[in-house]
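The values are calculated or read from the model by the stated rules, or taken from the named source; none is laboratory data. On a predicted model such as this, the values are computed, not experimentally measured, just so you know. Note that each Cβ is placed from the backbone with ideal geometry, even for glycine, and that neighbours are counted across all protein chains shown.
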Amino acid sequence: MTRRIILMTVALAAVAWLYWTLRSEAQAPGDDPLAALHLEAHQPPIDALRALAAEEDRAAAALGESPERVELEAAWSALAVAQAAVATGALSAPPPEAERRMERAVTSWIGRFGPGSFAAAGVAPWRRFRAAIDGLKERSRSTKRSLVAQLAADAPEQQKEVNAACGEFLAFGDSLGVIDTAGQLRMSDELLRLVFRYRWLAQARGSRPLHELMTPAELDTFWRWRIEEGARLPPAAVARFVADFVAQRGGYGGVKGGYALPAVFLLRGEPALAYDALLLEQKAHPSPQTEQLVQAVARLGSATKAAPVAR
């Protein structure tokens with residue numbers, strides 16, 4: 001595993017070096033063969049996310065106790081336990097009743113308090129989520145196990161607490177590559193809360209679309225994090241997510257139309273996939289510029305294959 005990680009790191013470094021070499025060889029900015037595919041990695045708007053979280057915390061403090069709130073939180077925990085069981089292979093799918101119970105609880109909450117208060121209702125579940133993750137991190141540091149291995153080694157009561165608070169999050173994070181090589185979570189506090197918030201608010205999509213429940217900055221950050229940090233995402237999933245993003249925003253980080261997907265693949269250090277995506281774009285919308293990009297990315301891919309790899 002260590003050797004594989006080293007090889008992957010060297011390969012990605014080679015791609016980055018070759019990409020910027022091709023850029024620096026241009027005589028002028030207009031001569032850059034890859035300019036149309038240039039894409040900067042997304043930088044989360046940390047201050048805006050903190051301000052939103054503080055506003056949400058204040059709204060949560062004003063919420064009173066109610067039967068709807070008790071049932072909403074209980075239904076969320078029950079669904080999380082079922083999702084965790086699916087992630088570990090104990091169940092093939094969440095029991096339909098757990099999903100229906102969550103739907104009923106959301107409908108009941110929104111029917112009484114409105115969709116605008118649903119985010120605030122998620123603050124208490126978020127705090128339980130954060131406490132469970134922090135406790136797991138602490139045990140993991142003490143035993144020097146990965147987070148996933150530590151959860152598997154925890155006492156049943158501890159496992160139950162984490163599963164009820166976090167659901168399939170750890171398996172989800174591991175599949176996306178947000179668990180680092182030491183088995184630890186590599187996410188800022190703000191991004192961690194945003195991912196939780198997205199999953200929570202997604203439960204209310206039946207009453208109001210997500211773009212009305214979340215700000216554009218939040219959605220852009222979540223979508224781009226999922227695409228750009230998802231080291232283990234299969235190409236088909238990357239293509240689907242990028243297509244969704246382009247449909248919502250008309251482009252991707254300033255890159256328009258059919259160039260968005262190859263630009264993302266280059267950003268991810270995958271020139272061969274960028275080349276394939278460009279070929280499809282050239283077939284669908286032939287143009288001299290796309291042909292030039294095909295040739296430039298082909299040179300990049302060929303040079304990457306020829307680059308020496310440490311053994």
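Out of the residues in the stretch 29-64 meeting the condition of being assigned to a loop (DSSP other than H, G, I, E, B) and touching a Leu at 6+ places or on another chain (Cβ under 9 Å), tell me which one is surrounded by the most Cβ atoms within 10 Å (Cβ to Cβ).
34
Okay, residues lined up against (1) in a helix (DSSP H, G or I); (2) under 30 Å from residue 238 (Cα atoms):
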position: 93; (1), (2): no, yes
position: 106; (1), (2): yes, no
position: 110; (1), (2): yes, no
position: 137; (1), (2): yes, yes
position: 149; (1), (2): yes, yes
position: 163; (1), (2): yes, yes
position: 183; (1), (2): no, yes
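Exactly one condition in (1) free of Cβ contacts under 8 Å to residues at least 40 places away in the same chain; (2) over 21 Å from the mean Cα position of the chain (by Cα) is false for residue 132; which is it?
So residue 132 meets the others, but not (2).
Suppose we filter the stretch 190-214 for residues that are among the β-branched types (Val, Ile, Thr) and loosely packed, with under 14 Cβ neighbours inside 10 Å; how many remain? Quick ask: steps written out before the conclusion?
As a first pass, look at the stretch 190-214 and keep what is among the β-branched types (Val, Ile, Thr): 195.
Still in the list and also loosely packed, with under 14 Cβ neighbours inside 10 Å: none.
Summing the residues that are among the β-branched types (Val, Ile, Thr) and loosely packed, with under 14 Cβ neighbours inside 10 Å in the stretch 190-214 gives 0.
For residues that are under 21 Å from residue 221 (Cα atoms), over 17 Å from the mean Cα position of the chain (by Cα), of a type in the set (D, E, K, R) and assigned to a helix (DSSP H, G or I), tally how many sit in the stretch 236-291.
The number of residues fulfilling the criteria is 1.
Six or more apart or on different chains, Cβ atoms under 8 Å: show the pairs whose first residue is in the stretch 210-234 and on the phi > 0 side of the Ramachandran plot and assigned to a helix (DSSP H, G or I) and whose second is buried (at least 18 other Cβ atoms within 10 Å of the Cβ) and not aromatic (Phe, Trp, Tyr).
Hits for this filter: zero, empty list.
Listed here are the residues, each with its yes/no results for (1) in contact (Cβ under 8 Å) with a residue 12 or more places away in the chain; (2) touching a strand residue (DSSP E or B) at 6+ places or on another chain (Cβ under 6 Å); (3) of a type in the set (D, E, K, R).
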| residue | (1), (2), (3) |
| --- | --- |
| 38 | yes, no, no |
| 41 | yes, no, no |
| 53 | yes, no, no |
| 56 | yes, no, yes |
| 62 | yes, no, no |
| 77 | yes, no, no |
| 82 | yes, no, no |
| 93 | no, no, no |
| 98 | yes, no, no |
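Looking at (1) farther than 18 Å from residue 76 by Cα; (2) touching a helix residue (DSSP H, G or I) at 6+ places or on another chain (Cβ under 7 Å), which is the one condition that is false for residue 165?
Of the numbered conditions (1) farther than 18 Å from residue 76 by Cα; (2) touching a helix residue (DSSP H, G or I) at 6+ places or on another chain (Cβ under 7 Å), the odd one out for residue 165 is (1).
Could you please give the count of residues in the stretch 65-75 that are assigned to a helix (DSSP H, G or I) and either modelled with pLDDT under 95 or among the β-branched types (Val, Ile, Thr) (or both)? Steps first, answer last, please.
Just the residues of the stretch 65-75 that are assigned to a helix (DSSP H, G or I), to begin with: 67-75.
Those left that are additionally either modelled with pLDDT under 95 or among the β-branched types (Val, Ile, Thr) (or both): 70.
Within the stretch 65-75, residues that are assigned to a helix (DSSP H, G or I) and either modelled with pLDDT under 95 or among the β-branched types (Val, Ile, Thr) (or both) number 1.
Is it the case, given these coordinates, that residue 199 is closer than 23 Å to residue 266 by Cβ, in a helix (DSSP H, G or I) and among the charged types (D, E, K, R)?
Numbers: closer than 23 Å to residue 266 by Cβ: no; in a helix (DSSP H, G or I): yes; among the charged types (D, E, K, R): yes.
Taking the combined requirement at face value, the residue does not satisfy it.
Can you give me the number of residues within the stretch 214-233 that are within 21 Å of residue 275 (Cβ to Cβ) and modelled with pLDDT of 90 or more?
2
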